[in-house]
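The values are calculated or read from the model by the stated rules, or taken from the named source; none is laboratory data. For clarity, every value in this text was computed on a predicted model and none was experimentally measured. With ideal geometry, Cβ positions are generated from the backbone for all residues, glycine too; neighbour counts draw on all protein chains shown.
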């Protein structure tokens, strides 16, 4: 039975090639955009290595210092993080690291820009980077301010050449100083906010100690809890610390910050006016709402198109009804036709999005980008296509089932 | 004919509502994108007021936050850095600046005028600034060593600010209106224009003030900005950075070419327009899809009516004209609604920096685009309607 439905479907769709083409175009384009958006969000928020412990870690990435006459907000500084985050009793490990800064090196007269990140020793224990050579620097290196560096493969190829052998032990010059390479890691995409970088050096290797007393901007911290259940305890202890810590600048009296997941931080920055409450539920709802609205327009248009397609076949439907076909059979046939069309459109959209993502990876638009069209995204895509297909087929099928055979045979479509 | 078609359209209002909504939404988006492009284009035509080719800037970061940077020794450190950089071969002139063009930073002050306040953008600069940025004055003179130790502060205005403060009178030598507690400033020169934000940004009232002598409680400039000989390469960059590090190793230095910053500024400004354009394209596609669907419905349902017209003597061209007119009637409500909404902006002066020219251009483009699209969409269904053979269609009765 299904084979007959499909054969009829194909013939019907080929009868009006132009409209079939534009339906397919609309479906595949919409699904292309939805798949791209999902892949993007996935590459930023989903837990991929080196963030293997994302489910039991929290980030401190924002700080607000406010007083009666002035307030300042932005990224936290090393001084604040050292005082308020480092000694948290309920945490298993804490790491403080800087934002990635662009640093310039001169190689044989060429100017090379790399993203330089300053981290402590704990960074390498919380994030599990894939070391192709050597090993990370340690907390002792940070304390002593040793000029050592971990670099990624792209940096190794850029500075020493792709086939020049191991880079461990060689030295490179960046931001005017010379560092000795102790380890080489695999490239991490720029969409991974915490681990991304080209060159990592110890925080203590800076030319002066001014950062230690700076409370505003440039750094962030990641807190690893012993287990998922301990996360609320860590957050509570952190909030307690904020209330009781003395602020060095007498102009400010209150500290506002949060230890939370990346998604919560983004929702706080985008949606919360007061920076003391993250709203992940609201952000998730907004994202889903936007996606649904985005898909609603093509769906409604397709409903119209499908209505025309089916009412054009009024005489055929009248004949079948007169011969005793039940409404259910006809509705079933039509829904199968529609789902078939939508799945073809969905497959096209899937192929197109794979091509587009491959093109983005090949170009240098997003450094070290690596998009995975994994099973999760595939499942979402198929579900969306099915949803699309059924939704845009239901109303026309219902209209068609109400056709009176006599009127239909005569050619009327009411 | 029109009244008859209106009646037909009203009878089918349910299927037309979706098209009207889509036309309205895409009209708004196309209008916003077209107006933004027009706005940026009209800004780009104005004079910039300075020449930043072959100008580089080095940011000197001592790693200390705002408060700890105050102190007279920091001023002399910066002065020394500027002098040393100027001495590097290949550097023509150097100056210490608080900000550089093409960055998103604005310093605004308010000057009292006729009972209210004027918001004025300002920048504190030193005597070498005009040479580094090749600033041409139309009246008066730039700052110089003769201004050292004066009791009043010399300032240079752009022509727009001079007009706003002094009208047609000669502004040279006049004191600026000042707030309570401010020192006295006097105008020594006028420039035609100075648009520090960049070519694509709106023109402002601009005030250039001579840097105050080193005072406790203020911070010195953070950037050493310099003009180099044309075609200078990375070896000069290295030489400059090496000299600065030798003079003061406690700071970190970041050298950027203003040309690169300009390219970044253009990218940042034009990227939202690109995104807006993509959204507009998507919405226009939806309009096309919706229209095609609705028109197909119309034609298949009304084969007998169209066939009747043909047999009564209407030509194929008449039928086509009817379909096209119906399409225009369907899109016009959306366009009218959109126009009504959009016309409020210049009428109520909702966005003062947006000039009438940009809005009119945007409106014209949006209206033109929608009508062009809908006409193209009507072609295929109109052709389908033309091909209805009266004998075939009227036979089924």
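Among the residues of region A:358-376, those identified as surrounded by 16 or more Cβ atoms within 10 Å (Cβ to Cβ), over 12 Å from residue A:38 (Cα atoms) and either in contact (Cβ under 8 Å) with a residue 12 or more places away in the chain or within 13 Å of the chain's Cα centre (by Cα) (or both) are A:368, A:369. Among all positions in region A:195-208, there is no residue which is out of contact with any strand residue (DSSP E or B) (no Cβ under 8 Å at 6 or more places or on another chain) and under 23 Å from residue A:111 (Cα atoms).
Those helices (runs of 4 or more DSSP H) of region A:1-118 in which 2 or more residues are away from chain B (no Cβ under 14 Å) and over 22 Å from residue A:389 (Cα atoms) occupy A:17-45, A:78-84. Is it the case that residue A:40 is within 30 Å of residue A:195 (Cα to Cα) and buried (at least 18 other Cβ atoms within 10 Å of the Cβ)? Criteria not met by residue A:40. Of A:247, A:203, all but one fail to be within 13 Å of another protein chain (Cβ to nearest Cβ) and over 30 Å from residue B:58 (Cβ atoms); the exception is A:247.
May I ask you to verify whether residue A:296 is out of contact with any strand residue (DSSP E or B) (no Cβ under 6 Å at 6 or more places or on another chain), within 14 Å of another protein chain (Cβ to nearest Cβ), within 23 Å of residue B:279 (Cα to Cα) and surrounded by fewer than 20 Cβ atoms within 10 Å (Cβ to Cβ)? It is true that residue A:296 is out of contact with any strand residue (DSSP E or B) (no Cβ under 6 Å at 6 or more places or on another chain), within 14 Å of another protein chain (Cβ to nearest Cβ), within 23 Å of residue B:279 (Cα to Cα) and surrounded by fewer than 20 Cβ atoms within 10 Å (Cβ to Cβ). In this entry, residue A:291 passes the filter for residues that are touching a residue at least 40 places away in the same chain (Cβ under 8 Å), within 14 Å of chain B (Cβ to nearest Cβ), surrounded by 14 or more Cβ atoms within 10 Å (Cβ to Cβ) and under 17 Å from the mean Cα position of the chain (by Cα).
The rows are residues; the columns are (1) closer than 30 Å to residue A:25 by Cα; (2) exposed (fewer than 15 other Cβ atoms within 10 Å of the Cβ); (3) touching a strand residue (DSSP E or B) at 6+ places or on another chain (Cβ under 9 Å).
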| site | (1), (2), (3) |
| --- | --- |
| B:249 | no, yes, no |
| B:261 | no, no, yes |
| B:276 | yes, no, no |
| B:287 | yes, no, no |
| B:310 | no, no, no |
| B:313 | no, yes, no |
| B:326 | yes, no, no |
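Could you check, for region B:232-252, whether at least one of its residues is within 19 Å of the chain's Cα centre (by Cα) and within 14 Å of chain A (Cβ to nearest Cβ)? There is no residue in region B:232-252 that is within 19 Å of the chain's Cα centre (by Cα) and within 14 Å of chain A (Cβ to nearest Cβ). The residue list A:135, A:144 contains one member that is closer than 25 Å to residue B:245 by Cα and either within 14 Å of chain B (Cβ to nearest Cβ) or touching a helix residue (DSSP H, G or I) at 6+ places or on another chain (Cβ under 9 Å) (or both), which is A:144. Take region A:312-337 and flag every residue that is within 43 Å of the chain's Cα centre (by Cα) and within 14 Å of chain B (Cβ to nearest Cβ). Answer for region A:312-337, where residues must be within 43 Å of the chain's Cα centre (by Cα) and within 14 Å of chain B (Cβ to nearest Cβ): there is none.
Checked against (1) more than 30 Å from the chain's Cα centre (by Cα); (2) surrounded by 14 or more Cβ atoms within 10 Å (Cβ to Cβ), residue A:283 meets all criteria but (1).
For region A:160-177, does any single residue satisfy the condition of being surrounded by fewer than 18 Cβ atoms within 10 Å (Cβ to Cβ), assigned to a strand (DSSP E or B) and at pLDDT 90 or above? Yes, the conditions are met somewhere in region A:160-177. Which of the residues spanning region A:208-240 are within 14 Å of chain B (Cβ to nearest Cβ), touching a residue at least 24 places away in the same chain (Cβ under 8 Å) and assigned to a loop (DSSP other than H, G, I, E, B)? Scanning region A:208-240 gives A:214, A:215, A:217, A:218. Can you confirm whether residue A:255 is closer than 30 Å to residue A:73 by Cβ, away from every other protein chain (no Cβ under 14 Å) and outside any helix (DSSP H, G or I)? So residue A:255 fits the description; yes. Being within 14 Å of another protein chain (Cβ to nearest Cβ) and part of a loop (DSSP other than H, G, I, E, B) is the filter; apply it to region B:342-388 and report the residue that is modelled with the lowest pLDDT. Within region B:342-388, the match that is modelled with the lowest pLDDT is B:388.
Matching residues to (1) more than 14 Å from chain A (Cβ to nearest Cβ); (2) in contact with a helix residue (DSSP H, G or I) (Cβ under 7 Å, 6 or more places away or on another chain); (3) over 22 Å from residue B:205 (Cα atoms):
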{"position": "B:23", "(1), (2), (3)": "no, yes, yes"}
{"position": "B:48", "(1), (2), (3)": "yes, no, no"}
{"position": "B:54", "(1), (2), (3)": "yes, no, yes"}
{"position": "B:100", "(1), (2), (3)": "yes, yes, no"}
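The condition of being without any contact (Cβ under 8 Å) to a residue 60 or more places away in the chain, more than 30 Å from residue A:48 (Cα to Cα), in a helix (DSSP H, G or I) and out of contact with any strand residue (DSSP E or B) (no Cβ under 6 Å at 6 or more places or on another chain) holds for only one of A:339, A:335, A:344, that being A:339. Among the conditions (1) part of a helix (DSSP H, G or I); (2) over 30 Å from residue B:160 (Cβ atoms), the only one that residue B:60 does not satisfy is (1).
Within region B:261-283, does at least one residue satisfy the condition of being free of Cβ contacts under 8 Å to residues at least 12 places away in the same chain, facing chain A (nearest Cβ under 9 Å) and under 33 Å from the mean Cα position of the chain (by Cα)? Among the residues of region B:261-283, at least one is free of Cβ contacts under 8 Å to residues at least 12 places away in the same chain, facing chain A (nearest Cβ under 9 Å) and under 33 Å from the mean Cα position of the chain (by Cα), which makes the answer yes. Just so you know, in region B:116-153 the residues that are closer than 26 Å to residue B:91 by Cβ and assigned to a strand (DSSP E or B) include one that is nearest to the chain's Cα centre (by Cα), and it is B:123. Residue count for region B:222-260 under the criterion of being over 22 Å from residue A:211 (Cβ atoms) and in a loop (DSSP other than H, G, I, E, B): the result is 5.
Residue count for region B:322-364 satisfying the condition of being under 22 Å from residue B:25 (Cβ atoms), touching a residue at least 40 places away in the same chain (Cβ under 8 Å) and under 17 Å from the mean Cα position of the chain (by Cα): 5. Test residue A:407 against the stated conditions and say whether it is loosely packed, with under 14 Cβ neighbours inside 10 Å, within 14 Å of chain B (Cβ to nearest Cβ) and assigned to a helix (DSSP H, G or I). The answer is yes for residue A:407.
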